[in-house]
Structure formats: C-alpha cells, structure tokens
Amino acid sequence: MGSTIIEKIIAKSTGKELVTPDERLWVDVDLAVIRDFGGPNVILEYEEHFGDQKVHDPNKIAITFDLHVPAKDEKVAGNQKICRDFAHKQRIRNLFDVGSGVGQHVLLEKGLVNAGDIIAGTDSHMNLLGCANSFASGVGTTDIVAAWAKGKLWFKVPGTIKIVLDGNLEKPTSAKDVILHVLKNVGCEGALYKSVEICGPATENMSLSERITLTSMVTEMSGKAAFTPPHDKIMDYLKKRTNKEQVGIFPDEDAQYEEEYDFDISGLEPQIACPDSPDNVKPVSEVEGTPVDEVFIGSCTNGRYEDLYEVAQILNKNKVADGVRLIVLPSTAEVARAALDNGLYQIFFEAGAVVPNPSCGLCTTGHHGILAPGEVLVSTSNRNFPGKVGKGGEVYLASPATAATSSVKGEITVPGGA
Amino acid sequence: MKGKAWVIGDNIDTDQIYPGKYLPLTDVKEMAKHALEGIDRLEDFSELVAQGDFVVAGVNFGCGSSREHAAVCLREVGVAMVIAESFARIYYRNTVNIGYPVLESKDITQKVQDGDVLETDASNGIIKNERTGETIQALPLSGLEREISDAGGLLQYMKKTTE
Ligand code: SF4
C-alpha cells in the first residue's frame with residue numbers, strides 16, 4: 001500500500017516504514033515557532049515548568065514578530081520584550097523583529113524551511129508552508145513549550161483528501177479565486193483533522209506565490225496540513241535559501257485517499273467570499289456594485305511580490321475612489337524591497353494607498369485599519385468571521401485583482417473590465 | 001458533574017470565544033473575564049455563569065486561530081466542560097494538552113436547550129438531561145489523548161514519562 005505526502009513525512013521522522021491514519025505518534029520537531037502575540041504565554045509557561053533550563057535545541061526555535069508591529073501599546077511592548085529577553089538568554093538566533101514581516105513567509109525566505117520538515121507554530125496558517133513540501137501545522141501554547149523542552153510532539157496521523165485541479169487558469173482569475181471556489185465546495189469543516197494535497201495539471205506550473213495562496217486557505221477548511229507536490233523551481237528556491245540539498249516528497253501512485261475532489265477551473269469567473277464565512281463564496285459578478293469603505297491587499301494569503309505587481313498594474317494611472325481607504329501591505333521586508341526597487345511604491349502612493357510596514361496588518365484585529373460597525377471591507381486575506389476586523393464590520397474575501405479594481409471603483413467590481 | 005447548559009450555535013470561532021484584542025493578556029484570571037464575550041447575547045458571560053456550568057455547542061467549536069486562551073478562559077471562568085457536536089482541530093488539541101476534558105456528541109444542540117440541567121461523566125461520556133430524562137452517550141477521550149489529559153496535560157505527561 002502506498003503513502004500520501006504526510007504519511008511519508010511522519011514515517012521518516014519516527015523511523016517507521018509505514019504509518020497509517022489515526023495512529024498516534026511522537027515525532028521530532030524540526031522547528032517550533034512563536035509570534036509576538038501568544039508567544040509570551042509560551043515563554044511564561046516554559047519558565048513556569050522548566051525555569052532556566054536550557055531549551056532542547058535553540059536552532060530549532062524561531063520567533064517572528066508580525067502582528068502588532070512595531071508595538072502598538074505598552075502591553076504589547078512588554079510582550080515583545082519578553083520574547084527578546086528570552087531569545088537572548090536562551091541563545092535563540094532566529095528572532096525576526098518588527099519590520100521583518102509575516103512569520104511563515106519570513107521563515108521561508110530565511111532558509112528555515114526544508115522539504116520534509118515537521119514544523120509547529122502558534123499560528124493557524126502555519127500549514128501554508130506545505131507549499132514548500134513541509135508538514136507545518138498550527139498548534140497551541142503548550143505544544144510549543146513541549147517541543148522546546150523535549151524536541152518532540154504528538155500527532156495523530158491524519159487521513160488525506162486529494163484535490164485535483166484540471167484545466168487552465170485564465171486571467172483575471174487567479175489562484176485566490178480557485179481556492180475560494182474549492183472552499184465553497186469543501187466547506188469550512190470539510191478537511192477537519194485531515195491533510196490536503198492540492199495537485200493536478202492546473203497546479204503544475206504554479207509559482208511559489210500561487211501555491212502559498214492555495215495552501216494558506218486549507219486552514220479555512222479546518223485542515224491540519226496542506227501540500228502542493230513540488231516542482232523543480234520550488235526545490236531550487238529552497239536549496240538557494242537553505243544551502244542544503246532538498247529532496248522532494250511525493251505521494252505514491254497507490255496512496256490511499258479518504259476523499260477526492262476534481263475541479264475543472266477553465267473558465268472559472270473571479271470569486272468572492274461574502275460575510276460571515278470563508279465558504280460563503282459567490283462569483284464576484286453576483287455582488288458587483290456593493291459599496292466599499294476599505295480595501296486591504298496583503299496577508300499571508302496574498303502579500304507576495306506577484307500579488308503586489310498585479311495590483312500595481314491595475315492602480316497605475318488610477319486613483320482610489322473618493323471615500324475609500326486602500327491599504328497595500330507587502331508580506332515581508334524582502335517583498336517590500338522588491339516593490340520599492342521596481343517602482344511599485346510610487347504607483348501605490350500616487351493612487352492614494354496607505355502602505356504600512358510589512359506585517360499581518362489589520363488581520364486578527366492587529367494594526368492599521370480596523371473597521372467601524374457597518375463598514376464594508378474587501379480583503380485579500382483569508383477569514384471573514386464576525387468581528388474579525390472590528391465588531392460589526394463586514395468583510396468580503398477576494399483576489400488582489402478584484403480588491404484593487406474595487407478600490408478604484410468604490411464598489412465591488414469584477415476585475416479585467418475596460 | 002452537574003450544572004446548567006449554555007447552548008450556542010455552530011462554527012463558534014476563537015474570536016467569539018476570546019476576542020483577539022485581549023490576546024496580549026497573560027494573566028488567566030483576566031482572561032476569564034472575557035470568555036465568550038464575542039457572542040452578542042453573552043457579552044457578560046463571565047458574570048452570568050455559575051461554577052460547574054456547561055457550554056453546549058454545535059459543530060466546529062473553536063475554529064479560527066490557534067489561541068490557547070480560548071480553552072483556558074472557559075476553564076478559568078468555571079465552565080466544567082464543553083460539549084460540542086464537533087471541535088476544531090487545534091481547539092481540541094489544546095484542551096487535551098491542558099488537561100481540560102471535552103465531550104463530542106452529535107446532535108447535542110437538538111437534545112439540550114439553554115438552561116437545561118445536565119449531569120455528565122467525562123470518563124465514560126454519559127450525559128443525563130434532567131428536563132427530558134434522556135441519557136445521551138457522547139464520545140469521551142481515548143488512547144494517548146486520554147493518557148495526556150488524565151496526567152493533567154501534556155507537560156505533566158511528558159515529565160512523568162521522560163523522567
Ligand atoms: S496575515 Fe492574518 S491569517 Fe495570516 S498569519 Fe497574519 S494574522 Fe494570521
């Protein structure tokens with residue numbers, strides 16, 4: 001019997017030939033990550049249980065600051081200091097301070113992610129790192145304390161759902177529209193406790209950035225892990241970043257899947273998730289004309305250079321509509337640098353956008369741009385549950401192209417028009 | 001365990017259980033004050049709840065972020081146990097890791113109404129509803145999860161097994 005990607009990764013970590021769904025196993029953790037929020041709780045809990053005891057391996061720990069950066073108030077400032085002090089004391093080199101950007105993206109760029117790694121983080125969108133062939137999963141505070149102290153964590157081997165994408169992606173439809181369409185069909189609980197492999201002809205040429213968009217939203221299907229079987233370019237990217245050989249992990253031909261979905265994405269219209277759930281997805285054309293107050297382009301789902309480039313094409317020589325606030329947010333310092341070097345900032349500023357420092361921005365009621373009750377936001381992020389961006393605000397989730405076009409028109413608009 | 005049921009709906013996410021704006025809090029007593037504050041009718045839940053009450057929820061309870069606060073705040077405010085039709089993955093994991101047992105029971109929101117008095121046994125998963133007289137068999141923890149939870153949580157379990 002063959003294995004799926006996650007079964008192979010877990011088997012390798014545990015030294016077993018074969019693992020099967022529902023087995024409970026202890027695995028070696030390659031990287032255990034905290035963020036500036038929630039992270040201080042990990043440190044306090046670690047010190048409560050282990051005092052000054054040295055962590056299991058400081059090189060297998062990373063701390064990313066991405067939510068309330070730079071510190072928005074005294075409480076946050078104190079929390080960030082807890083992280084810095086702990087990193088100093090425990091000789092943790094991988095602390096990425098304010099200005100670095102969204103955690104998982106920073107880890108990828110800084111060469112901390114290898115094909116086949118097992119990564120745990122206090123971040124529910126950790127699983128997007130499956131775009132780089134690692135089993136990355138969001139876990140709680142106590143899990144990280146355990147991984148830091150002992151280097152191990154328990155997992156139940158999940159069953160795998162296979163999602164096959166056939167056909168061709170035709171602009172202005174993008175990877176975001178595809179994953180929204182998939183989410184509509186799989187549903188918010190459709191992948192609960194499961195690993196998800198997204199594959200098929202339509203994914204084969206997709207870039208890292210498009211794969212990030214796909215894998216990031218497996219979180220909204222309640223998935224435990226997400227994968228896109230890697231191509232050579234992804235492996236080359238990892239090799240360049242990590243200075244290590246990378247061996248891609250692929251499912252066996254006869255791997256066992258619990259469910260399989262097939263989608264033909266040729267001719268798919270741009271999609272939008274309407275309030276209050278990420279699977280409440282409709283074609284953008286159905287809600288065209290809805291007035292918007294704010295537009296957010298960024299987040300771990302759509303803050304890559306390619307996303308910003310597409311947005312710049314739409315904003316070029318255009319202005320954001322009167323009364324609309326546009327926030328454009330590069331996911332990392334490296335993305336911001338590329339956007340600056342290639343003239344994108346000029347276009348954003350001339351269009352009237354606000355461009356904050358690389359971070360999660362207003363996601364999870366973080367920084368910059370919370371809504372007042374009754375206001376409407378079009379966001380390229382991944383969640384629109386009630387209260388997500390301020391109580392009473394209404395959030396629509398869409399692609400960068402739909403978001404940028406809507407910011408210029410002042411109302412939800414199908415991209416690609418005249 | 002005996003207490004009153006607070007029945008809430010499907011897909012209650014962590015922002016409703018513990019709003020994101022309180023994430024910077026690190027004191028569990030302070031966290032408790034904001035339990036379920038994101039659900040409109042339960043804004044004052046921490047003042048209304050009695051020690052030993054139950055939260056009864058629909059499917060996918062605790063979806064959204066990975067914040068462990070969302071499990072801790074309910075324990076600290078005095079909720080004896082959460083009984084849900086299903087739990088979001090990380091939420092479920094967090095309850096095991098902090099040794100705060102939960103029960104899974106299909107259709108529970110149809111069998112229990114707000115204010116019903118329940119008697120439950122976490123070890124065998126039996127729930128008795130006083131109003132209807134019905135006995136409901138829920139799914140209790142088993143295997144490794146059970147061992148971790150019974151040890152008082154993941155860290156206690158690891159200390160016990162590795163030392
Ligand atoms: S961008 Fe939003 S969803 Fe992504 S990691 Fe940051 S807070 Fe989480």
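When you look at B:Glu104, is it under 17 Å from A:Asp143 (Cβ atoms), out of contact with any Gly (no Cβ under 8 Å at 6 or more places or on another chain) and within 14 Å of chain A (Cβ to nearest Cβ), yes or no? In short, no. Note on segment A:118-184: enclosed strands (runs of 3 or more DSSP E) holding 3 or more residues that are among the β-branched types (Val, Ile, Thr) are A:160-166.
Based on this model, can you work out whether A:Val182 counts as closer than 30 Å to A:Ala312 by Cβ and out of contact with any Pro (no Cβ under 8 Å at 6 or more places or on another chain)? When the stated conditions are applied, A:Val182 passes them. Name the residues in segment A:74-110 that are within 13 Å of A:Thr332 (Cβ to Cβ) and among the small types (Gly, Ala, Ser), would you? Hits for segment A:74-110 are A:Gly99, A:Ser100, A:Gly101, A:Gly103. With respect to being farther than 24 Å from A:Ala115 by Cβ, among the aliphatic types (A, V, I, L, M), more than 16 Å from the ligand (Cβ to nearest atom) and surrounded by fewer than 22 Cβ atoms within 10 Å (Cβ to Cβ), A:Leu25 falls outside the description.
With (1) within 13 Å of the chain's Cα centre (by Cα); (2) touching a residue at least 12 places away in the same chain (Cβ under 8 Å); (3) closer than 19 Å to B:Gly153 by Cα as the list, and B:Ser66 as the residue in question, which single condition is left unmet? The failed condition is (1). For A:Gly369, state whether it is modelled with pLDDT under 95, more than 13 Å from every other protein chain (Cβ to nearest Cβ), under 23 Å from the mean Cα position of the chain (by Cα) and within 16 Å of the ligand (Cβ to nearest atom). Judged against the criteria, A:Gly369 is a match.
Among the residues of segment A:194-202, is any over 20 Å from the mean Cα position of the chain (by Cα) and either at pLDDT below 95 or of a type in the set (Asp, Glu) (or both)? Checked segment A:194-202: no residue is over 20 Å from the mean Cα position of the chain (by Cα) and either at pLDDT below 95 or of a type in the set (Asp, Glu) (or both).
Looking only at segment A:51-60, residues that are assigned to a helix (DSSP H, G or I) and surrounded by fewer than 16 Cβ atoms within 10 Å (Cβ to Cβ) come to 2 in all. Of all the residues in segment B:146-158, those that are closer than 15 Å to B:Val102 by Cα and either buried (at least 20 other Cβ atoms within 10 Å of the Cβ) or at the interface with another protein chain (Cβ under 7 Å from one of its Cβ atoms) (or both) number 3. Pairs linking a residue in segment A:183-201 that is within 14 Å of another protein chain (Cβ to nearest Cβ) to a residue that is surrounded by fewer than 19 Cβ atoms within 10 Å (Cβ to Cβ) and among the hydrophobic types (A, V, I, L, M, F, W, C), with Cβ atoms under 7 Å and 6 or more positions apart or on different chains, do not occur.
Residues checked against (1) away from the ligand (no atom under 16 Å from the Cβ); (2) at pLDDT 95 or above; (3) within 17 Å of A:Val98 (Cβ to Cβ); (4) not assigned by TED's automatic domain parsing to the domain that holds A:His181:
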residue: A:Pro291; (1), (2), (3), (4): yes, yes, no, yes
residue: A:Ile297; (1), (2), (3), (4): no, yes, no, yes
residue: A:Gly303; (1), (2), (3), (4): no, yes, yes, yes
residue: A:Leu326; (1), (2), (3), (4): yes, yes, no, yes
residue: A:Tyr345; (1), (2), (3), (4): yes, yes, no, yes
residue: A:Phe349; (1), (2), (3), (4): yes, yes, no, yes
residue: A:Val354; (1), (2), (3), (4): yes, yes, no, yes
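When segment A:105-147 is filtered for residues that are in contact with a Phe, Trp or Tyr (Cβ under 6 Å, 6 or more places away or on another chain) and over 14 Å from B:Asn94 (Cβ atoms), the ones remaining, listed by number, are A:Val106, A:Ile118, A:Gly130. Looking across segment A:373-388, the residues that are touching a residue at least 60 places away in the same chain (Cβ under 8 Å) and within 22 Å of A:Gly289 (Cβ to Cβ) come down to A:Glu375, A:Val376, A:Leu377, A:Val378, A:Ser379, A:Thr380, A:Asn384.
Scanning segment A:209-251 for residues that are more than 16 Å from the ligand (Cβ to nearest atom) and at positive phi gives a single hit, A:Asn243. The residue pairs whose first member lies in segment B:17-38 and is within 10 Å of chain A (Cβ to nearest Cβ), whose second member is part of a helix (DSSP H, G or I) and at pLDDT below 85, and whose beta carbons are closer than 9 Å, counting only pairs six or more residues apart or on different chains, are B:Pro19/A:Thr365; B:Gly20/A:Thr364; B:Gly20/A:Thr365; B:Lys21/A:Thr365; B:Leu23/A:Thr364; B:Leu23/A:Thr365; B:Gly38/B:Gly20. Of all residues in segment A:372-391, those satisfying the criterion of being of a type outside the set (D, E, K, R) and more than 10 Å from every other protein chain (Cβ to nearest Cβ) are A:Ala372, A:Pro373, A:Gly374, A:Val376, A:Leu377, A:Val378, A:Ser379, A:Thr380, A:Ser381, A:Asn382, A:Asn384.
Of all residues in segment A:29-50, those being outside any helix (DSSP H, G or I), modelled with pLDDT of 95 or more and within 18 Å of B:Leu155 (Cβ to Cβ) number 3. Taken together, B:Ala88, B:Ala80 contain a single residue that is of a type outside the set (Ser, Thr, Tyr), away from every other protein chain (no Cβ under 14 Å) and touching a Gly at 6+ places or on another chain (Cβ under 6 Å), which is B:Ala80.
Say whether the condition of being free of Cβ contacts under 8 Å to residues at least 12 places away in the same chain, in a helix (DSSP H, G or I) and of a type in the set (D, E, K, R) is met by at least one residue in segment B:126-144. Within segment B:126-144, not a single residue is free of Cβ contacts under 8 Å to residues at least 12 places away in the same chain, in a helix (DSSP H, G or I) and of a type in the set (D, E, K, R). Restricting attention to segment A:61-90, the residues that are in a helix (DSSP H, G or I), of a type in the set (Gly, Ala, Ser) and within 16 Å of the ligand (Cβ to nearest atom) total 0. Among the residues of segment A:20-54, the one identified as of a type in the set (A, V, I, L, M) and away from chain B (no Cβ under 14 Å) is A:Leu31. Of the helices (runs of 4 or more DSSP H) lying entirely inside segment B:1-96, those containing at least 1 residues that are surrounded by fewer than 23 Cβ atoms within 10 Å (Cβ to Cβ) and more than 16 Å from the ligand (Cβ to nearest atom) are B:28-32, B:45-48, B:69-77. For segment A:166-184, state whether one or more residues are acidic (Asp, Glu), under 30 Å from A:Gly417 (Cα atoms) and in contact with a strand residue (DSSP E or B) (Cβ under 7 Å, 6 or more places away or on another chain). Looking through segment A:166-184, at least one residue is acidic (Asp, Glu), under 30 Å from A:Gly417 (Cα atoms) and in contact with a strand residue (DSSP E or B) (Cβ under 7 Å, 6 or more places away or on another chain). Note on segment A:317-353: residues that are assigned to a loop (DSSP other than H, G, I, E, B) and within 27 Å of the chain's Cα centre (by Cα) amount to 9.
The values are calculated or read from the model by the stated rules, or taken from the named source; none is laboratory data. Predicted model only: the values in this text are computed from it and were never measured. FYI the Cβ positions are ideal-geometry reconstructions off the backbone, even for glycines, and counts take in every protein chain you see.
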